[in-house]
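Notes for the one structure printed next.
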Amino acid sequence: MSCAMRSLVEDDDRYLKSFQLFLERSSEHKCMQDFIHGILPDILASIGEGKANLNMMGVGSGAGEIDLEMFSQLHLKHPAVTVDNQVVEPSAQQLHLYKVLVSQKPNLDYIKFTWNKMTATEFEKHWKENHLTKKMDFIHMIQMLYYVKDPGATVTFYQSLLDRNGKVIMCIMSVDESGWGKLWRTFRTQLCNTEISQCVTTGDIKAYLDSKTTSYQSYKLLSQMDITECFTEGDQRGELLLDFLTEVLDFSATAPPELKRGVLDLLMTSDCSKEVDGRVIFNNTLEVLVVDPLQ
């Protein structure tokens, strides 16, 4: 990444604004909800082995909407169990929103929440320094492996926390089908922050898991995003979406002209987007990997 450009994650306020706009313009939460209601129940039915209490963890849980959707399905499958839930989230704003959501949601008294304002890497260090040995029945890591230095090592650490029938669920961008994969393959050296792994896709994670002969299941989630405003110079929403797409803070203002032109040209191609009723619709296809415990 050019030294004139800064990573979007350095500005929490702008990151959250761009992320919220991304959620409004994309079908990501809808496809996650379809997965949670359609496929996840059978996965949740396989964990726990009749335990009275389940240990769960969300890494990068954000404001908690997806977590609580998962808990609703868990409670249907295991109505008598109590849950100890570790929430790992570095954003104070997101943690606050999560706590507000919990306070407003009825019938969550079966869940004990432990709040950890930490990154995934900080939590790993905390766990090891305190010699913690609790085993987890279910860990989810939704759209967060972009923000660690070594995604493979991070996956292995959290996988090591699983109990015998536990599962780790990861959701990241599909390398083969999404516009993100094409964008990152084309502009990896110009856009990607070398301190984290923001250009990681399921292709990278699958290759790592295969090298470790780790068993996992894979599910494609079709998703799309309206990025039409990105092509209107000076449009504030378009600039926020460009920030989110490139993970660069104020991309329109700080990117070299040839890089900005190259990114916009690529986003318009059929490799990334399609035109529907005069709107530019970006391919946001995701993939969920369900990973088994270490053997």
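The values are calculated or read from the model by the stated rules, or taken from the named source; none is laboratory data. The structure displayed is predicted, hence computed values, not measured ones. Note: ideal-geometry Cβ built from the backbone for every residue, glycine included; neighbour counts use all protein chains shown. Surface areas here come from the heavy atoms of the whole protein model, side chains and all, with no ligands, DNA or RNA. Shrake-Rupley method; radii C 1.70, N 1.55, O 1.52, S 1.80 Å.
A few comments on the model shown:
- Segment 140-295 shape via C-alpha gyration tensor axes, a/c threshold 1.5: prolate
- Amide H contacts for Met118 (H built 1.01 Å from N in the peptide plane; partners 5 or more residues away or on another chain; cut-off under 5 Å): Glu89.
- The length gained by stretching the chain between Glu233 and Asp204 to full extension, at 0.36 nm per residue less their Cα-Cα distance, is 7.0 nm.
- With helices as the sole contributors, the chain gives -13000 deg cm²/dmol at 222 nm; each DSSP H run of n ≥ 4 counts as -39500 (n - 2.57), and the sum is divided by every residue.
- Normalised by residue count, segment 1-93 yields a Cα convex hull volume of 130 Å³ per residue.
- Taking each of Lys206/Lys274; Lys212/Lys260; Lys17/Lys167; Lys105/Lys149; Lys149/Lys274; Lys105/Lys134 in turn, the alpha-carbon distance tops 30 angstrom for Lys212/Lys260; Lys17/Lys167; Lys105/Lys149; Lys149/Lys274.
- With protein chains left intact and a 1.4 Å probe, residues in segment 121-169 average 44 Å² of accessible area per residue.
- Across the accessible surface of the chain, with the other protein chains kept in place and a 1.4 Å probe, carbon and sulfur atoms take up 50 percent.
- With both labels modelled 7 Å from their Cα along Cα-to-Cβ, the Ala253 to His96 distance reads 2.3 nm.
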